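Let me begin by presenting the structure, written as C-alpha cells, before commenting on it.
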Amino acid sequence: YTNENEFSSALGVSMAFSLIYPGSSGDAIDEIRDTLGYPVGSNMLLVWEDTTQRMLRSSSGQCVGGELDGVCDSRAPLMQIANSVWLDDGDTLDPDYELVVGNYAKQIDFESDASPVIMNEWVSESTNELIDGIVPEDRPLYPPYVLIAINSIYLKASWEEQFEESKTNVDTFYGSASRTTDMSKAHFMNHVFDYLPYSHDALPGYQVVKIPFAASQMSMIFVLPMSDGGGTVQ
C-alpha cells in the first residue's frame, strides 16, 4: 500500500472476485465458489448485488438528529460501494457475461497513455478523493494488464459515544501481544463507557469488543490476541 487511506477488506475482495466469477468456466467456478463461500448454483449472477443494495439503503447518510440553522445535528452512516471491471476497447465481451456485468463493464484503450489517468479518476471519484489512484500513470495499462476488477467501499460514520480529543494521544502500535515488535505510531483513543458488548470466550484466546456507530444498527468489531502466535480469526 502506498496511500494512508488504503486497506483491503474481506468484503471488498469478495465483491471484486464476484465481477469475474460469471466469466469463469470449468474448475475455476468451483475454486472461486469454494474459496470465497459463494452460494451453490449457477455462477451467472452477481453474488453481492442484493446484499449491496440493502446495505446502501440502510446507510444513506440521512439527517437523524434534527437541523439547526441548516446544520444537521447527527447523521446516519454514509456508505458508498463502487464496482467496475475494466478491459480494452478492442476486446469483445462474451454475450452471456455481458448480460450479467454489463452495467459495471468499462472499456477504454488500454494502450493509450491516458488509460491509467481515466481509471484513477474513477477511483478518486468513487472514494470521495480519499484514494487518488491505484495504477501508475507513467505508462499505459497494457502491458501488463488485460482486465482489471475494482471494488471500493466508502464509509463515513460517527461513534455513538464520541471519543474526547483531549484524551487522544500518539503511542506505539505493536504487532504482537508481547509487545516485542514495534509496527508504527498511532493515535490511541481513551474513553470510559458505561457498557460495551465484550467477550474473551467467543473467540478463545482473543478479546472481542463491539463499538456501535451513531444512529445505526452498524458497529465495528475489534479483535485483540491475548498471546503471541494466534491463528487466523474466522
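List, please: which pairs have Cβ atoms under 6 Å, are six or more places apart or on different chains, and start with a residue in the range 143-159 that is more than 17 Å from SER14 (Cα to Cα) and end with one that is open to solvent by 40 Å² or more (accessible area, probe 1.4 Å)?
So the pair list comes out as LYS156/LEU78.
With the requirement that a residue be over 19 Å from the mean Cα position of the chain (by Cα), under 21 Å from TYR104 (Cα atoms) and assigned to a helix (DSSP H, G or I), what does the range 17-31 give you?
PRO22, GLY23, ILE29
Would you check if there is a residue in the range 62-76 being under 24 Å from ILE29 (Cβ atoms) and either of a type in the set (Gly, Ala, Ser) or in contact with a helix residue (DSSP H, G or I) (Cβ under 7 Å, 6 or more places away or on another chain) (or both)?
Scanning the range 62-76, I find no residue that is under 24 Å from ILE29 (Cβ atoms) and either of a type in the set (Gly, Ala, Ser) or in contact with a helix residue (DSSP H, G or I) (Cβ under 7 Å, 6 or more places away or on another chain) (or both), so the answer is no.
VAL209: in a loop (DSSP other than H, G, I, E, B) and in contact with a strand residue (DSSP E or B) (Cβ under 8 Å, 6 or more places away or on another chain), yes or no?
Against the criterion (in a loop (DSSP other than H, G, I, E, B) and in contact with a strand residue (DSSP E or B) (Cβ under 8 Å, 6 or more places away or on another chain)), VAL209 does not qualify.
Quick one: in the range 167-183, of everything that is in a loop (DSSP other than H, G, I, E, B) and open to solvent by less than 70 Å² (accessible area, probe 1.4 Å), which residue is nearest to GLY61 (Cα to Cα)?
By that ranking, first place goes to GLY175.
Among the residues of the range 164-188, write down those that are of a type outside the set (Gly, Ala, Ser), within 26 Å of the chain's Cα centre (by Cα) and under 19 Å from VAL223 (Cβ atoms).
PHE173, TYR174, MET183, PHE188
Could you list, in sequence order, all residues of the range 184-218 that are open to solvent by 70 Å² or more (accessible area, probe 1.4 Å) and among the hydroxyl-bearing types (Ser, Thr, Tyr)?
Across the range 184-218, the qualifying residues are TYR195, TYR198.
Is it the case that the range 64-86 has a residue that's charged (D, E, K, R) and on the phi > 0 side of the Ramachandran plot?
So far as the range 64-86 goes, yes, one or more of its residues are charged (D, E, K, R) and on the phi > 0 side of the Ramachandran plot.
Within the range 140-166, which residues are open to solvent by 100 Å² or more (accessible area, probe 1.4 Å) and either among the charged types (D, E, K, R) or assigned to a strand (DSSP E or B) (or both)?
Listed by number, the residues that qualify are LYS156, GLU160, GLU165.
Go through the range 113-124 residue by residue and tally those that are over 13 Å from ILE150 (Cα atoms) and under 17 Å from the mean Cα position of the chain (by Cα).
Here the count works out to 0.
Cβ contacts < 9 Å: first residue touching a residue at least 40 places away in the same chain (Cβ under 8 Å) and open to solvent by 60 Å² or more (accessible area, probe 1.4 Å), restricted to the range 219-234; second residue part of a loop (DSSP other than H, G, I, E, B) and of a type in the set (Val, Ile, Thr), any location; separation 6+ or different chain. Result?
If the second residue must be part of a loop (DSSP other than H, G, I, E, B) and of a type in the set (Val, Ile, Thr), the pairs left are ASP228/THR180.
Among what's in the range 40-59 and is in contact with a helix residue (DSSP H, G or I) (Cβ under 8 Å, 6 or more places away or on another chain) and part of a loop (DSSP other than H, G, I, E, B), pick the residue that is surrounded by the fewest Cβ atoms within 10 Å (Cβ to Cβ).
VAL40
Please work out which one of (1) out of contact with any Ser or Thr (no Cβ under 9 Å at 6 or more places or on another chain); (2) more than 19 Å from MET15 (Cα to Cα) is the condition MET55 fails and give its number.
Of (1) out of contact with any Ser or Thr (no Cβ under 9 Å at 6 or more places or on another chain); (2) more than 19 Å from MET15 (Cα to Cα), only one is false for MET55: (2).
The values are calculated or read from the model by the stated rules, or taken from the named source; none is laboratory data. Predicted, not measured: the structure shown is a model, and the values here were computed from it. Counting neighbours? That spans all protein chains shown, and the Cβs are built from the backbone with ideal geometry, glycine included. Only protein heavy atoms, including side chains, enter the accessible area calculation; ligands, DNA and RNA are left aside. Shrake-Rupley method; radii C 1.70, N 1.55, O 1.52, S 1.80 Å.
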